[in-house]
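Report on one structure; see the data block that follows.
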Amino acid sequence: MTWTYNGRCITELSDMPEGTFGFIYKITNGKTGQYYIGKKQVVSIRKRNFGKKEIAALTDKRMKKYEMVQKESNWKDYRSSNPTVQLWFHENESLREQGKEGINDQLELRILRFCSNKKSLTYYELQEQFYHDVLADEYSLNDNLLGKFFRKDLDISE
């Protein structure tokens, strides 16, 4: 089961536009019609402090004593942070282990948009969630936006 973007399978970082930091995704269960919209970073950038030998080798002692390193995330195997979506994939694996057919063909992992930085990732996730009106849609598994706006707190029936 792989991620798709405009009908194209995305299996490697090289399949994404250059400079991609993350993507906005929609996972849909074709059997129930339920879906979840979220975001996933494909790279993580962290600060790595130099060791004693690297610091000793610096010619100018005022130079920075760290470097920023980039590492690929687990995006290929990522299946959402939503417990219901995780359960779909867990049940699918259990069925396959029993020799039965899973629901692979009914689960769709679709990339909606690629983003080049962390802020745009958050912005476009929110934009897609508002566009799909996830808090009001009974098929949406999203129950909050940004951890600030919760379905249970809204008067959606109005």
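Note on the chain: helix-only mean residue ellipticity at 222 nm, from DSSP H runs of 4+ residues weighted -39500 (n - 2.57) and normalised by residue number, equals -6500 deg cm²/dmol. Seen against the Cα atoms of the chain and their longest principal axis, helix 118-131 is set at about 10 degrees.
About its Cα centre, the chain has a charge dipole of approximately 1340 debye under the convention of +1 per Lys or Arg Cβ and -1 per Asp or Glu Cβ, with nothing else charged.
Let me know the whole percent of all Cα-Cα pairs from segment 1-67 that are separated by more than 20 Å. Kindly include the intermediate steps, with their values, before the conclusion.
On the way: 1194 of 2211 pairs.
Counting every Cα pair in segment 1-67, those more than 20 Å apart make up 54 percent.
Consider the candidate values [x] 48; [y] 32; [z] 62; state which one is percent of Cα pairs over 24 Å apart computed from the structure displayed. Read-out taken from this structure: [x].
Solvent-accessible area per residue in the chain equals 67 Å², computed with a 1.4 angstrom probe and all protein chains kept.
Beyond 24 Å between alpha-carbons counts as too far, so tell me which of LYS53/LYS118; LYS40/LYS71; LYS31/LYS152; LYS64/LYS119 fall in that bin. Display every interim value, and only then the final one.
Details: LYS53/LYS118 33 Å; LYS40/LYS71 14 Å; LYS31/LYS152 26 Å; LYS64/LYS119 26 Å.
From LYS53/LYS118; LYS40/LYS71; LYS31/LYS152; LYS64/LYS119, over 24 Å: LYS53/LYS118; LYS31/LYS152; LYS64/LYS119.
What net charge is computed for the residues neighbouring SER80, neighbours being all others with C-beta under 11 Å from the C-beta of SER80, Lys and Arg scored +1, Asp and Glu -1? Intermediate values should be presented prior to the final figure.
Values: positive: LYS26, LYS39, LYS40, ARG79; negative: none.
Neighbourhood net charge equals +4.
Taking every protein chain into account, the 1.4 Å probe leaves ASP153 with about 100 Å² of accessible area, to the nearest ten.
The values are calculated or read from the model by the stated rules, or taken from the named source; none is laboratory data. A quick note: this is a predicted structure, and the numbers were derived from the prediction, not measured. Note that we place each Cβ from the backbone using ideal geometry, even for glycine, and neighbour counts take in every protein chain shown. All accessible areas refer to the heavy atoms of the entire protein, side chains included, with ligands and DNA or RNA removed. Shrake-Rupley method; radii C 1.70, N 1.55, O 1.52, S 1.80 Å.
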